[in-house]
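Asks: Below is one structure. I have some questions about it.
Every number in this text was worked out from the coordinates using simple rules, so none of it is lab data. Note that the structure is predicted; figures quoted are calculated from it, not measured. Because the Cβ atoms are built from the backbone with ideal geometry, glycine has one as well, and the counts that use them run over all protein chains shown.
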Protein chains: 2
Amino acid sequence: MTETITRLGVVIFPGFALLDVAGPLQFFNQLSVIEPFKLSIIARTMDSVSTVPPKHTMPESKFCRIGETWLPTHTFNNAPELDILLVPGGLGTRDEIIFNEVTSFTKKRYPTLKYLLSVCTGSLMVAAAGILNGRKATSNKYAWSLATNNKDVDWVPKARWVVDGNIWSSSGVAAGMDMTYAFIATVFSSDIAKQLANMMEYEPHTNPEWDPFFEIWNPSSK
Amino acid sequence: MTETITRLGVVIFPGFALLDVAGPLQFFNQLSVIEPFKLSIIARTMDSVSTVPPKHTMPESKFCRIGETWLPTHTFNNAPELDILLVPGGLGTRDEIIFNEVTSFTKKRYPTLKYLLSVCTGSLMVAAAGILNGRKATSNKYAWSLATNNKDVDWVPKARWVVDGNIWSSSGVAAGMDMTYAFIATVFSSDIAKQLANMMEYEPHTNPEWDPFFEIWNPSSK
């Protein structure tokens with residue numbers, strides 16, 4: 001992938017988890033100085049998209065959740081061909097329309113991707129697309145029961161991230177950064193990954209089995 | 001701060017480092033379910049703002065750097081009163097106009113803030129505002145010489161973050177997450193900070209003196 005432009009697509013939707021997207025993209029933003037990249041931020045329409053979840057997807061709170069607003073570059077209908085697709089999670093995935101649209105886009109695009117990456121509950125939509133059937137994957141540990149509702153996938157409970165073929169899935173939110181570090185080390189070079197992490201002053205967890213959060217959130221499943 | 005709304009402002013500008021802003025905001029987004037917050041994203045104008053740095057601020061590269069586009073909610077002129085102001089860094093700080101505008105806004109607002117937070121090279125602008133004179137602070141280690149150009153500040157070279165009075169400054173990019181964890185633990189509660197980090201599946205560095213990156217980037221200064 002070093003001599004051609006890598007076409008990276010990232011799906012966003014109302015209520016995406018900011019760090020699910022921004023953690024991996026900080027790596028790719030920096031990588032794009034060394035390797036040629038084209039980035040598409042893909043949403044339902046070209047309207048701006050907020051990380052504030054749709055009201056009905058939020059756990060009860062008397063306060064208004066704050067959030068940030070991003071602009072997409074493409075829609076599900078006009079996104080260009082992609083080499084890598086990143087599917088984030090977040091409370092927005094609990095909206096049925098959002099869930100189904102992202103699932104449908106992921107299913108349609110998977111056959112022409114080189115790599116599919118998911119962070120957090122993004123893997124629920126990858127699973128719903130049927131492309132994880134009989135394969136290993138992981139997901140957010142705080143919301144682990146949402147993953148195991150899908151019995152077609154071999155869910156790995158204690159994992160920072162999981163690779164099965166060309167599908168990479170990480171655990172919740174911050175785990176996306178460690179998955180991205182490992183992805184860049186594998187697909188580009190370990191020296192480049194190390195250099196990017198040092199520039200970010202980020203110390204990655206490099207063991208995919210490192211995962212204190214499964215015990216923290218699922219003591220009954222031990 | 002638990003009974004009133006905390007008014008949080010975050011400055012953005014062309015070429016802000018995505019994770020400088022998104023790391024701390026992932027914490028504050030989640031905190032806003034537990035404590036009432038109001039967020040202002042503040043820029044020069046209401047136009048969208050990209051993380052792609054202005055061309056002349058970028059180290060030479062034959063490739064086009066990719067980036068993401070955010071929408072501000074306020075301008076430097078109409079931003080509301082704030083309790084907390086977060087000033088990020090990034091290559092955009094190397095543009096003189098951007099640098100001076102953020103410095104000027106920070107200087108104007110500091111007297112009415114409860115807390116001022118900077119991430120990465122954001123501290124260069126806080127320093128230029130004169131409010132770090134004779135005080136301790138830290139900054140990005142990859143670009144450490146930019147900080148030490150300002151002789152009025154007691155720069156701390158080996159620090160993940162530094163607190164002096166009501167001014168918190170972190171080292172580069174990812175260090176902003178650890179500073180934010182410590183800030184929330186101090187100003188709100190350590191239990192809440194721990195809960196947010198567990199939900200983010202983030203293991204914070206809780207020792208402000210933990211800093212392998214100073215040695216990595218400044219071997220001659222050891």
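Asks: Return the tail of the calculated pair distribution for segment B:1-82, meaning the percent of Cα-Cα pairs more than 22 Å apart.
Replies: Beyond 22 Å sits 35 percent of the P(r) for segment B:1-82.
Asks: Shifting gears a bit: Kirkwood Rh, the protein assembly as shown, all Cα pairs: how many Å? Write down the numbers at each step before the final one.
Replies: On the way: mean 1/r = 0.0459 Å⁻¹.
Evaluated over the protein assembly as shown, this radius sits at 21.8 Å.
Asks: Using the Cα atoms of segment B:173-222 to build a convex hull, what is its mean projected area in square nanometres?
Replies: Working: hull surface 15.7 nm².
Averaged projected area of segment B:173-222's Cα convex hull equals 3.9 nm².
Asks: Per DSSP H run of n ≥ 4, the term is -39500 (n - 2.57); total these for chain B, divide by its residue number, and report the mean residue ellipticity at 222 nm rounded to 500 deg cm²/dmol. Don't skip to the answer; put the middle values down first.
Replies: Values: 7 runs with 70 residues, N = 222.
The per-residue figure over chain B is -9500 deg cm²/dmol.
Asks: Next up: When a/c is below 1.5 the answer is rounded, else prolate if a/b is larger than b/c, else oblate, so apply that to segment A:55-187 with a ≥ b ≥ c taken from the square roots of the Cα gyration tensor eigenvalues. If you can, show how the numbers build up before the last one.
Replies: Working: a/c = 1.44, a/b = 1.17, b/c = 1.23.
Judged from the Cα gyration tensor, segment A:55-187 comes out rounded (a/c under 1.5).
Asks: Work out, in µm²/s and without decimals, the Stokes-Einstein translational diffusion coefficient of segment B:133-187 at 10 °C, 1.306 mPa s, Rh from Kirkwood over C-alpha pairs. Could you put the intermediate results ahead of the total?
Replies: Working: Rh = 11.4 Å.
Translational D for this selection: 140 µm²/s.
Asks: Starting from the 7 Å offset along Cα-to-Cβ, what nm value, one decimal, do you get for the label separation of B:Lys151 and B:Thr45?
Replies: The modelled label-to-label distance comes out at 4.0 nm.
Asks: Hey, got the average number of other protein chain Cβ atoms within 10 angstrom for residues in B:33-46? Numbers along the way, then the final one.
Replies: Numbers: counts 10, 3, 1, 5, 4, 3, 6, 1, 4, 0, 0, 0, 0, 0.
That average works out to 3.
Asks: Hey, got the average number of other protein chain Cβ atoms within 10 angstrom for residues in A:200-210?
Replies: Working: counts 11, 20, 8, 6, 1, 1, 0, 0, 0, 0, 1.
Per residue, the average neighbour count from other chains is 4.
Asks: One-quarter of the Cα convex hull surface for chain A, in nm²? Walk me through the intermediate numbers first.
Replies: Details: hull surface 48.5 nm².
Averaged projected area of chain A's Cα convex hull equals 12.1 nm².
Asks: Next question, about the same structure. State which entries of A:Lys136/B:Lys194; A:Lys194/B:Lys141; A:Lys141/B:Lys194; B:Lys38/B:Lys114 exceed 20 angstrom in Cα-Cα distance in the structure shown. Please list the in-between numbers first.
Replies: Numbers: A:Lys136/B:Lys194 30 Å; A:Lys194/B:Lys141 15 Å; A:Lys141/B:Lys194 15 Å; B:Lys38/B:Lys114 15 Å.
Checking Cα-Cα distances, A:Lys136/B:Lys194 exceed 20 Å.
Asks: Could you order the peptides B:96-105, A:78-87, B:72-81 from most to least packed, using the average number of other C-beta atoms within 10 Å per residue?
Replies: Working: B:96-105: 17.7, A:78-87: 19.7, B:72-81: 15.1.
The most tightly packed comes first, giving A:78-87, B:96-105, B:72-81.
Asks: A further question on this structure: Three principal axis extents, largest first, for the C-alpha atoms of segment A:123-222, in Å?
Replies: In descending order, the Cα extents are 39, 29, 17 Å.
Asks: Work the Kirkwood hydrodynamic radius out for segment A:61-133: mean of 1/r over every pair of different alpha-carbon atoms, inverted, in Å. Spell out each step's value before the answer.
Replies: On the way: mean 1/r = 0.0748 Å⁻¹.
Kirkwood hydrodynamic radius for segment A:61-133: 13.4 Å.
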